[in-house]
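First the structure, in the form of structure tokens, and then the observations on it.
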Amino acid sequence: MIIAVDGPTASGKGTIAKALAAHFGLPHLDTGLLYRAVGRQVQLLGGNPDDPHDAIAACDFTESLVEDDILRSEDVGGYASRVSVHPAVRHALYERQRAFALQESGAVLDGRDIGTVIAPEARVKLLVTASVAERARRRWAEMTGRGIDVALSTIEYDIAARDARDMNRKDAPLMAAPGALVIDTTHFGRDAAIEAAIEAVEHKL
Ligand code: C5P
């Protein structure tokens, strides 16, 4: 069984994907980390993420980079969003994601194009979303909690820019896959959102 969980940044898709993996005993891949690793590698090489040559050269990152905590920073997220526009970068990361999806055990993958490109045959496809204001508030609370001093308006601006880039790119834009169930977490608590997702999967078993 393949479960595809797509959605924009700070929508709760990662939390839902992890909870589904634990509940159904499936391996989980956060595909955003792969794009973040490429973004981080461009940064380390001093390259320009908008330049396809620099972005492609960065696809050859070392495995340990994927484990690095710095990948979760806003800064690297911005680089990831910019490198992910290039079709050659998406192509370079395709096989690895596809192989993960096709494991005999089944798998849960979260990202932007799992239900549309990586595993269109997934038995369950979820699109997890929430308003920009609510996602910005969550990200701000999380960063402030970590002692990072940042304005809510800055976060909101960055999230809107990242959404626009992810939804409007030509190759594999973020959108609901045919047959995807939309879970809007704007007014949902964490547990209610997870429960809705588990129910959606059980419905398809
Ligand atoms: O999900 P996360 O915020 O970690 O992803 C970082 C960036 O990587 C996203 O803004 C998006 O541009 C890109 N991405 C993608 N396709 C995926 C996963 C992430 O384009 N499947």
Which of 13, 18 has the fewest other C-beta atoms within 10 Å, and how do the rest follow up to the most? 18, 13
Taking 154, 185 and counting other C-beta atoms within 10 Å, the order from fewest to most: 154, 185
Distance check, please: which entries in 13/170; 13/125; 18/125 exceed 18 angstrom between their Cα atoms? 13/170
Counted neighbours (other Cβ, 10 Å), sorted fewest up, put 186, 15 in the order 186, 15
For Cα pairs less than 8 Å apart in space and 6+ apart in sequence, what is the mean separation divided by the residue count of the stretch 1-94, i.e. the relative contact order in percent? 28
In whole percent, what relative contact order does the stretch 2-204 give with Cα contacts below 8 Å and a gap of six or more residues? 32
What three numbers, in Å, describe the spread of the alpha carbons of the chain along their principal axes, ordered from the longest? 48, 38, 30
Exposed loop sites here are GluC sites (Glu not before Pro) in DSSP loop states with at most 16 other C-beta atoms within 10 Å. What is the longest stretch of the chain lacking them? 1-103
Measuring from its Cα centre, the stretch 4-103 shows a charge dipole (+1 at each Lys and Arg Cβ, -1 at each Asp and Glu Cβ) which, in debye to the nearest 20, is 380
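Readers should treat all values here as calculations from the given coordinates under stated rules, not as data from a laboratory. Note that the structure is predicted; figures quoted are calculated from it, not measured. Neighbour counts run over all protein chains shown; Cβ positions are idealised from the backbone, glycine included.
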